[in-house]
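Any read-out appearing in this document is the output of simple, stated calculations on the displayed coordinates, not a laboratory observation. Computed from a prediction, not measured in an experiment: that's the story for all the values here. Cβ sites come from the backbone with ideal geometry, for glycine too, and all protein chains shown count toward neighbours.
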Amino acid sequence: MEVHQLQTEFFQYLKENMPPHLSMVDELCDLLDLSHDSVYRRIRGEKPMSFSELKHICEHYHFSIDQVLKLQNSTVMFEAPELNNSNHRDFSEYLRGVLKQCKYFNSFKARKMYYFCKDANLWYFYLYPELAAFKTFFWIKTIQNNPDYRNETFSLEKFPFTESFELGQLIIKEYNEMHSVELWNIESINSTIHQIEYYRDAGLFDKKEDFDAVIKALFQMLDHLQLQTEKGLKFMPGATDLSYRSPSQFYVNELILGNNDILLELDGHRVAIFTYNVLNYLITRDERFTEKAFKNFNVLLSRATLISGTGEKERNRFFNGLRERVRVLKV
C-alpha cells in the first residue's frame, strides 16, 4: 500500500472516531502546533507525516497504528486510564474520571451502551446517599486498602462522602442520556450483600442505625430499578414523566454470571470496556476484538428474558428475589 494512501486512511480513521462536534483540523492544529494549511496538506497526503507527529496523535487519541492499518496479528491495544494513578488517591478523582468518560460517550449523536452486570452498575449505588457513602467507604478502606481508614468503622455522620455522592448523581444523569441494554443475573447484587454482611459481622458499622440506613437505601435502589424497568426508561428518583430520559432494556440471564463488561456503539463505531482490580477498567476500539465481544453478548442476550416494559410476572419475580436476599441481612 502506498504511503499516500496509508496516510489518507489514517486521517479518515481519526475523523470517524472523533466526536462529530469536533473539528479534526482545528484539533490537529492545536495538538501539532501547525497552521491550517499544513494540516490540510498532511490530510490530503501532499506532505508526509513525521514519526513524531504520528506518535503524538496516537498517544493523544489513544489508538495504535495497528488499528488503523488493520494488521492481522493477535495484538490488541487497550487504554488503561488508571494505570499511572496512586491506589490511595481521592476517590472523588476516580469518579470524576468515570464522569469524564460518560460525557465523552454522550458527545456522540448515536450512542448505546450494553452492560453485562456481574455486579449492579457502579453508578446505581449513588442513587441514594446512605448506600453511596457505604460503598465509597468500602472501596476506599477494603479495596484500595487506604491506611488512613485502617482503624475506622463506617459512620454516616463521620463519612457522608458528600462530594462523591454529588459526582455519582452527575454520572447517573449522564447515563440516563444513553440508550442502554443491561443484562443481569439474580447474583448481581451478591457482592454488595456480602460486603454489608462482612461489615456487620466484623463490627465495622459504627452504630446499628448506620447499618439500618444502608439496608433501607439498598431496598430503595431496588425499588427504583424496578420502577425504571417497568417504564422501560431511565430517570432520577422522584422524577416526573416529563423528565424521563433514554430507553432502558433490562434482561435477566439465569444461566451465566457476567463480568461487568461494557460495550458501546458510538456513531456506528464500537468500544469495549473491561474491569480489572475491581474498580479499574481497560478500553479498546479494536474492530476484531469488539466484534467478538458483541457477538458473545448477543448470544447471551438471546438466551435471556426481557423484563422491561413487558413481562410483569418475570419482573416481579426477579426483583422480589433480590429483595429477599437483602432481607436475610436483617435477621
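Using a Debye calculation, one point per C-alpha and no hydration shell, please list log10 I(q)/I(0) for the range 3-69 at q = 0.13, 0.15, 0.16, 0.27 Å⁻¹ in order. The calculated log intensity ratios at q = 0.13, 0.15, 0.16, 0.27 Å⁻¹ are -0.30, -0.41, -0.47, -1.56. Between Asn259 and Glu53, residue separation times 0.36 nm minus the direct Cα-Cα distance comes to 70.4 nm. Under a 5 Å amide H cut-off, with hydrogens placed 1.01 Å from N, Glu79 pairs with Ile283, Thr284 among residues at least 5 apart or on other chains. When both the range 263-313 and the range 88-149 are represented by their alpha-carbon centers, they are found 18 Å apart. Phi angles of the range 208-224 translate, via the Karplus equation with coefficients 6.51, -1.76, 1.60 and θ = phi - 60°, into HN-Hα couplings of 4, 4, 5, 4, 4, 5, 5, 4, 4, 5, 5, 4, 4, 4, 5, 4, 5 Hz per residue; Gly and Pro are given as x. Sites listed here are trypsin sites (Lys or Arg not before Pro) in the range 178-243 whose DSSP assignment is loop and whose Cβ has at most 14 other Cβ atoms within 10 Å: Lys207. For the chain, modelled as a GNM whose springs connect Cα atoms under 10 angstrom apart, the maximal fluctuation among Ser243, Ser107, Ser180 occurs at Ser243. Between His194 and Arg303, the modelled labels are 2.2 nm apart [label points 7 Å from Cα along Cα→Cβ]. For the range 135-206, averaging the sequence separation of C-alpha pairs within contact (under 8 Å, six or more residues apart) and dividing by the residue count gives a relative contact order of 47 percent. Among Phe297, Phe154, the order by Cβ neighbours within 10 angstrom, fewest to most, reads Phe297, Phe154.
Between His4 and Asp212, the distance separating the two model label sites (each 7 Å from Cα on the Cα→Cβ line) works out to 7.9 nm.
Put simply, the amide H of Val181, placed in the peptide plane, has neighbours under 5 Å in Met113, Tyr114, Tyr115, Gln249, leaving out anything fewer than 5 places away on its chain. Length gained on full extension, Glu152 to Asn277, computed as 0.36 nm times the residue gap minus the Cα-Cα distance: 42.7 nm. Take every Cα pair under 8 Å whose residues are at least 6 apart in sequence, average their separation, divide by the length of the range 91-330, and the relative contact order is 27 percent. Where a Cα-Cα gap under 30 Å defines reach, which lysines qualify for Lys47, not counting those fewer than 8 residues away within the same chain? Correct list for Lys47: Lys15, Lys55, Lys70. When the P(r) is computed for the chain, the part past 24 Å accounts for 61% of the Cα-Cα pairs.
Across the range 147-162, rounded Karplus estimates of 3J(HN,Hα) from the backbone phi angles (6.51 cos²θ - 1.76 cosθ + 1.60, θ = phi - 60°) give x, 5, 10, 4, 9, 8, 10, 6, 9, 5, 5, 7, 10, x, 6, 4 Hz, Gly and Pro being marked x. Exposure proxy shown here: for Ser188, Ser302, the number of other Cβ atoms within 10 Å sets the order, fewest to most, as Ser302, Ser188.
For the range 291-331, trypsin sites (Lys or Arg not before Pro) meeting the loop criterion (DSSP other than H, G, I, E, B) and having at most 14 other Cβ atoms within 10 Å: Arg303. Can you grab the distance from the C-alpha centre of the range 208-252 to the C-alpha centre of the range 172-194, Å, no decimals? Each part's Cα centre sits 10 Å from the other's.
The HN-Hα couplings worked out from phi for the range 260-276 by the Karplus form 6.51 cos²θ - 1.76 cosθ + 1.60 (θ = phi - 60°) are 6, 7, 10, 10, 10, 10, 10, 6, x, 9, 10, 9, 10, 10, 10, 8, 8 Hz, whole numbers, x standing for Gly and Pro. So if we plug the beta-carbon distance of Met236 and Lys295 into 1/(1 + (r/R0)^6) with R0 = 51 Å, what FRET efficiency do we get, rounded to 0.05? The formula returns an efficiency of 0.90 here. Arranged from fewest to most other beta-carbon atoms within 10 Å of their beta carbon, Val326, Val214, Val25 become Val25, Val326, Val214.
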